[in-house]
Amino acid sequence: MQTGVQSAPPPGKRKEIYKYEAPWTVYSMNWSVRPDKRFRLALGSFVEEYNNKVQIVSLDEETSDFMSRSTFDHPYPTTKIMWIPDSKGAYPDLLATSGDYLRVWRVGDTDTRQECLLNNTGQVLGRVNLVTGHVKTQLIAHDKEVYDIAFSRAGGGRDMFASVGADGSVRMFDLRHLEHSTIIYEDPQHHPLLRLAWNKQDPNYLATMAMDALEVIILDVRVPCTPVARLNNHRACVNGIAWAPHSSCHVCTAADDHQALIWDIQQMPRAIEDPILAYTAGGEINQIQWSSTQPDWISICYNNCMEILRV
């Protein structure tokens, strides 16, 4: 299959799908990148009360079962979870969560401890042990709430980033020149933009989606304001976008129609008619992540379930 996405192994070698059922609705999720923790993920709950949780789970490859390694309290639901991008495992095993505050956690073998708590006024509210933190600056750029942020790999992945929000705009920033930002796209109806994902291989491309939209739009930062592609095979609102870590032309989208779709966009600017792979889950998919260290594995969440899929 000449798609750039690896085909399945021969029957009997390894399962194609592993499933974990959490004790609550899963709201956020992400893969660890440490080489010694191959199938480890962090999951965040969505509970109406001030009583949410984060759980660290890992796959036992001998038994093919996911095991909970650690669970800790997180008052509000985690809007985003990210592991320290340490692919060599040389630094402390840290996890960051966003919600009412930005928190940094140190993950142990059986427990997880909070290391640092930061708010958006430039203050560090709490600090323990070896990890310190501070808010460098606060940017007032969007006219309304900011919903997502992503860094580009351009310039070493440290300086260029973009954000989306309730004002319906995509804005690009450079940490070296924070006196201005560039609007690279505005939703024609000013619908809020909920998610933003930057191409992992080609920093010219990023993807975003509007609230309640059935499509994902692909933007080229060299051609502002006009999408270069629209991925619109979903039959219900899109909830997640994940670019392939190993390919500049593959992206996965997930939606309330229970579908996770993988697209090949290398024909842009010609229209992208259909996805190259599709998976139907047992519920509305609200989260999708593509493993950066194991590019043939994608994880999805629906209801109280998390599945990892070989693609």
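With a 10 Å radius around each residue's Cβ, average the other Cβ atoms per peptide and rank 52-64, 252-264, highest first.
Details: 52-64: 16.2, 252-264: 22.6.
In decreasing order of mean packing, 52-64, 252-264 become 252-264, 52-64.
Towards the positive end of the charge dipole of the chain, with charges on Cβ (+1 Lys, Arg; -1 Asp, Glu), say which of PRO192, SER87, VAL221 has the farthest Cα.
SER87
Please list 3J(HN,Hα) in residue order for the stretch 261-267, calculated via the Karplus relation 6.51 cos²θ - 1.76 cosθ + 1.60 where θ = phi - 60°; whole Hz, with x for glycine and proline.
Listing the rounded values in order: 10, 9, 10, 10, 9, 5, 7 Hz.
Could you tell me the number of lysine pairs in the chain with C-alpha atoms less than 22 Å from each other, where the two lysines are 8 or more residues apart or belong to different chains?
Lysine pairs satisfying the spacing and distance rule in the chain number 15.
How would you classify the stretch 139-232 from its alpha-carbon gyration tensor, with a ≥ b ≥ c the square roots of the eigenvalues: rounded for a/c under 1.5, else prolate if a/b is greater than b/c, otherwise oblate?
oblate
Please compute the Kirkwood hydrodynamic radius over the stretch 157-304, one decimal place, Å, based on all pairs of different Cα atoms.
One over the average 1/r among Cα pairs gives 15.6 Å for the stretch 157-304.
Give me the tail of P(r) for the stretch 222-275 as a percent: Cα-Cα pairs with distance above 17 Å.
Beyond 17 Å sits 39 percent of the P(r) for the stretch 222-275.
For the stretch 26-65 and the stretch 191-206, what is the centre-to-centre distance using only Cα atoms, to the nearest Å?
24 Å
When ligands, DNA and RNA are left out and all protein chains stay put, how many square angstrom of accessible area per residue does the stretch 243-311 have with a 1.4 Å probe?
Values: 2360 Å² over 69 residues.
Per-residue accessible area for the stretch 243-311 comes out at 34 Å².
Once neighbouring chains are kept in place and the probe is 1.4 Å, which whole percent of the accessible area of the stretch 235-290 is contributed by carbon and sulfur?
For the stretch 235-290, the apolar C and S fraction of the accessible surface comes to 42 percent.
With only alpha-carbon atoms counted, please give the Rg and Dmax of the chain, in Å.
Cα only, the chain: 19.0, 57 Å (Rg, Dmax).
Counting Lys +1, Arg +1, Asp -1, Glu -1, what net charge surrounds CYS305 among other residues with beta carbon under 12 Å of its beta carbon? Show your work: numbers first, answer last.
Working: positive: LYS19; negative: GLU21, GLU284, GLU307.
Net of charged neighbours comes to -2.
Would you work out which of TYR18, TYR101, PHE151 lies farthest towards the positive end of the dipole of the chain? Charges go on Cβ: Lys and Arg +1, Asp and Glu -1.
PHE151
The values are calculated or read from the model by the stated rules, or taken from the named source; none is laboratory data. Just so it is clear, the model here is predicted, and its values are computed rather than measured. Counting neighbours? That spans all protein chains shown, and the Cβs are built from the backbone with ideal geometry, glycine included. Protein only, heavy atoms only, side chains kept; ligands, DNA and RNA dropped before computing areas. Shrake-Rupley method; radii C 1.70, N 1.55, O 1.52, S 1.80 Å.
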